[in-house]
1. Inspect the range 134-143 for any residue being farther than 21 Å from Lys29 by Cβ and either buried (at least 17 other Cβ atoms within 10 Å of the Cβ) or out of contact with any helix residue (DSSP H, G or I) (no Cβ under 7 Å at 6 or more places or on another chain) (or both) and give the result as yes or no.
2. Check every one of the helices (runs of 4 or more DSSP H) wholly within the range 49-143 and list those with 1 or more residues that are modelled with pLDDT under 95 and under 18 Å from Leu33 (Cβ atoms).
3. Taking only pairs six or more apart or across chains, which ones have beta-carbon atoms under 7 Å, a first residue in the range 122-140 that is among the β-branched types (Val, Ile, Thr), and a second residue that is assigned to a loop (DSSP other than H, G, I, E, B)?
4. List pairs: first in the range 27-52 and farther than 26 Å from Ser87 by Cα and touching a residue at least 40 places away in the same chain (Cβ under 8 Å), second of a type in the set (Ser, Thr, Tyr) and surrounded by 15 or more Cβ atoms within 10 Å (Cβ to Cβ), Cβ under 8 Å, 6+ apart or cross-chain?
5. Please enumerate the residues belonging to the range 25-47 that are among the β-branched types (Val, Ile, Thr), touching a strand residue (DSSP E or B) at 6+ places or on another chain (Cβ under 6 Å) and in a strand (DSSP E or B).
Amino acid sequence: MRVCRRVVRFCALLCILGSLVGCGASGVKPPNLPATVAPDWTRGSVQDMAAADFPDLVRTSGVKQGWRTEYRTAAGTPARVDVYGLSSSSQGLDLVQKWHPQPENAQFYTEHYLLNVAWQKDAKHDELASLVRSLPKLVEQGK
């Protein structure tokens, strides 16, 4: 009888600890950043970003996760893509509205992510439009 009570207590303790550990693992899954985006964008490696590298606006809003990659066209034109994990889509809306507009730079938000796409002046409009239109949909795939 004593052994049974100890086993029950031990199992209960494991369940409690497991739920606490699960609660501590907050955040969103890494975004789906496809290896290629039509017409000819190719992605480089995806790097985790340290919160210290986030723009002040993003860091002070409580965002804790970020990823950075670069897409290049066949001609070598780069576009840097920074993706930040959001706690809600309303947080994304708030950040996009507060973001200071900059040339060759655009922000978008989805249910789980804020995207900042930056490009160089010599980027072709049609190629850029394709990347910018596609990424917000693609990052959410698999969620």
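The values are calculated or read from the model by the stated rules, or taken from the named source; none is laboratory data. Being a predicted model, the structure only gives us computed values, none of them experimental. Neighbour counts run over all protein chains shown; Cβ positions are idealised from the backbone, glycine included.
1. Just the residues of the range 134-143 that are farther than 21 Å from Lys29 by Cβ, to begin with: none.
Checked against the condition, which is being farther than 21 Å from Lys29 by Cβ and either buried (at least 17 other Cβ atoms within 10 Å of the Cβ) or out of contact with any helix residue (DSSP H, G or I) (no Cβ under 7 Å at 6 or more places or on another chain) (or both), the range 134-143 yields no hits at all.
2. Values: elements: 56-60, 89-98, 125-139.
Correct list: 125-139.
3. As it stands, the answer is Val139/Pro31; Val139/Asn32; Val139/Leu33; Val139/Thr110, since those pairs meet every condition given.
4. What qualifies is Val37/Tyr71; Val37/Ser130; Ala38/Ser130; Pro39/Ser130; Asp40/Thr73; Trp41/Tyr71; Trp41/Thr73; Trp41/Ser130.
5. So the first thing to find is which residues in the range 25-47 are among the β-branched types (Val, Ile, Thr), and the list is 28, 36-37, 42, 46.
Now restrict to residues that are touching a strand residue (DSSP E or B) at 6+ places or on another chain (Cβ under 6 Å): 28, 36, 42, 46.
Passing the criteria: Thr36, Thr42.
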